[in-house]
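The next block holds one structure in the form of structure tokens; read it before the comments.
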Amino acid sequence: HIHPDDRYKIDEYYGNLSKGILDNFKEEVRIDNGRGGWNWIRCYVAVKEYDPKTRNIEIIGVNIDITELKEVEAQLIEAKEKAETLDKLKSAFLANMSHEIRTPLNAIVGFSSILAETANTPENREYIRIIEDNNYLLLQLINDILDLSRIEAGLLNFCYTDIDINSCIRKLEDTSRLRMPANVKCIAEFGMKRCYIHTEQNRLMQVLGNYVSNAIKYTYKGSITIGYYPPEDGKIRFYVRDTGCGISQDKQQAIFQRFVKLDNFKQGTGLGLSICQMIAEKMHATVGVSSELSKGSEFWIEIPYQPIRTIY
């Protein structure tokens with residue numbers, strides 16, 4: 001009555017018993033239900049008595065019908081696979097929307113810049129400034145959503161090259177200085193006079209750029225510092241330090257989770273730091289934060305240190 005594909009389980013057990021190997025038995029097998037189908041049975045068998053002289057063996061068995069349980073299990077597996085497939089399709093669709101979304105947005109941003117150069121009154125220049133600020137915000141929001149989708153779909157590219165860290169920090173400082181609030185300075189700090197490493201430049205700068213954007217939101221005076229520490233134990237740590245409002249200890253653990261925002265009145269999706277963590281995992285790196293309320297924060301990413309001897 002046992003399904004041909006499951007008979008080996010029973011045969012093996014009884015074969016061991018005949019050799020005096022007195023193990024218990026627990027397996028799931030299919031049994032002919034007499035209606036042209038198969039029922040799933042969970043079998044429990046234990047040896048009650050064994051006489052080595054006569055080799056008589058007494059066993060006790062309990063069979064439990066788990067057919068309904070197996071059907072539910074199969075439905076759950078099918079639903080899970082379907083959900084995973086739909087999620088991947090969704091992520092792939094959003095990732096493929098990058099070009100279509102950015103093309104009109106780039107036109108808006110570009111012509112806004114031209115208007116800013118030709119504005120001839122303070123009132124017009126203020127209007128243009130508002131447009132440009134919101135253009136940047138919209139572009140950042142779209143980038144966050146698309147990057148998250150690309151990471152989930154496995155479509156985010158990682159290209160490792162040899163880079164000059166000090167030069168990259170200077171460039172990030174230059175671009176960030178233009179976005180600083182009136183009472184905030186942008187500072188660059190270098191852990192070494194020269195630092196050439198092999199890593200993923202675009203993703204590393206993306207993480208540090210997200211840190212800078214986050215710091216700008218919560219820093220109203222003082223400074224925002226971009227830098228790195230000298231390498232230690234095969235790792236090199238980059239950081240963005242600010243003199244902003246800081247983060248309480250109870251919120252620091254959740255800050256890298258999706259959609260977490262310290263202040264719901266601040267603009268943003270709450271995806272930036274989550275994307276940083278996902279990028280770090282792909283780079284075999286770690287991220288974290290050190291912060292104290294009213295004294296500022298230091299967000300960091302620590303990546304494998306792969307030095308390059310050649311100086312370009």
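Scanning the stretch 242-251 for residues that are within 23 Å of the chain's Cα centre (by Cα) and either in a loop (DSSP other than H, G, I, E, B) or of a type outside the set (S, T, N, Q) (or both) turns up I247, D250, K251.
Give the stretch 274-303 a look and list any residue that's closer than 15 Å to Y229 by Cβ, in contact (Cβ under 8 Å) with a residue 60 or more places away in the chain and touching a Ser or Thr at 6+ places or on another chain (Cβ under 8 Å), or say none. Result: W300, I301, E302, I303.
D164 fulfils the conditions (1) open to solvent by 60 Å² or more (accessible area, probe 1.4 Å); (2) more than 24 Å from G296 (Cβ to Cβ) except for a single criterion, (1).
When E58, E49, E71, E81 are screened for being out of contact with any strand residue (DSSP E or B) (no Cβ under 9 Å at 6 or more places or on another chain) and not aromatic (F, W, Y), only E81 passes.
Does the stretch 144-151 include one or more residues that are open to solvent by less than 50 Å² (accessible area, probe 1.4 Å) and assigned to a loop (DSSP other than H, G, I, E, B)? No, there is no match, as no residue in the stretch 144-151 is open to solvent by less than 50 Å² (accessible area, probe 1.4 Å) and assigned to a loop (DSSP other than H, G, I, E, B). Kindly evaluate A188 against the criterion of being touching a Lys or Arg at 6+ places or on another chain (Cβ under 7 Å), without any contact (Cβ under 8 Å) to a residue 60 or more places away in the chain and small (G, A, S). Here the answer is yes, as A188 does meet what is asked. Of the strands (runs of 3 or more DSSP E) lying entirely inside the stretch 1-69, those containing at least 1 residues that are touching a Cys at 6+ places or on another chain (Cβ under 9 Å) span 25-32, 56-65. Taken over the stretch 278-298, the residue count meeting the criterion of being over 20 Å from S248 (Cβ atoms), more than 10 Å from the chain's Cα centre (by Cα) and open to solvent by less than 30 Å² (accessible area, probe 1.4 Å) is 2.
Take the residues in the stretch 175-190 that are under 27 Å from N157 (Cβ atoms) and in a helix (DSSP H, G or I); name whichever of them is least open to solvent (accessible area, probe 1.4 Å). This residue is S176.
Take the residues in the stretch 13-43 that are open to solvent by less than 80 Å² (accessible area, probe 1.4 Å) and hydroxyl-bearing (S, T, Y), then tell me which one is nearest to I66 (Cα to Cα). Restricting to residues being open to solvent by less than 80 Å² (accessible area, probe 1.4 Å) and hydroxyl-bearing (S, T, Y), the top hit is Y13. In the set Y220, Y229, only one residue is at pLDDT below 95 and more than 22 Å from the chain's Cα centre (by Cα); that residue is Y220.
Check off (1) outside any helix (DSSP H, G or I); (2) open to solvent by less than 80 Å² (accessible area, probe 1.4 Å); (3) not aliphatic (A, V, I, L, M) for S113 and give me the number that stays unchecked. It is condition (1) that S113 fails.
Filtering I303, I275, I247 for residues that are open to solvent by less than 50 Å² (accessible area, probe 1.4 Å) and modelled with pLDDT of 95 or more leaves a single hit, I303. Residues in the stretch 196-232 that are among the hydroxyl-bearing types (S, T, Y), free of Cβ contacts under 8 Å to residues at least 60 places away in the same chain and in a strand (DSSP E or B) were compared, and the one that is least open to solvent (accessible area, probe 1.4 Å) is T225. Just one residue in the set K235, K193 is surrounded by fewer than 13 Cβ atoms within 10 Å (Cβ to Cβ) and over 30 Å from D87 (Cβ atoms); that residue is K193.
The values are calculated or read from the model by the stated rules, or taken from the named source; none is laboratory data. Since this is a predicted model, take the numbers as computed values, not measurements. Here Cβ is always computed from backbone atoms with ideal geometry, including for glycine, and neighbour counts include all displayed protein chains. The area values use the complete protein model at the heavy-atom level, side chains included, leaving out ligands, DNA and RNA. Shrake-Rupley method; radii C 1.70, N 1.55, O 1.52, S 1.80 Å.
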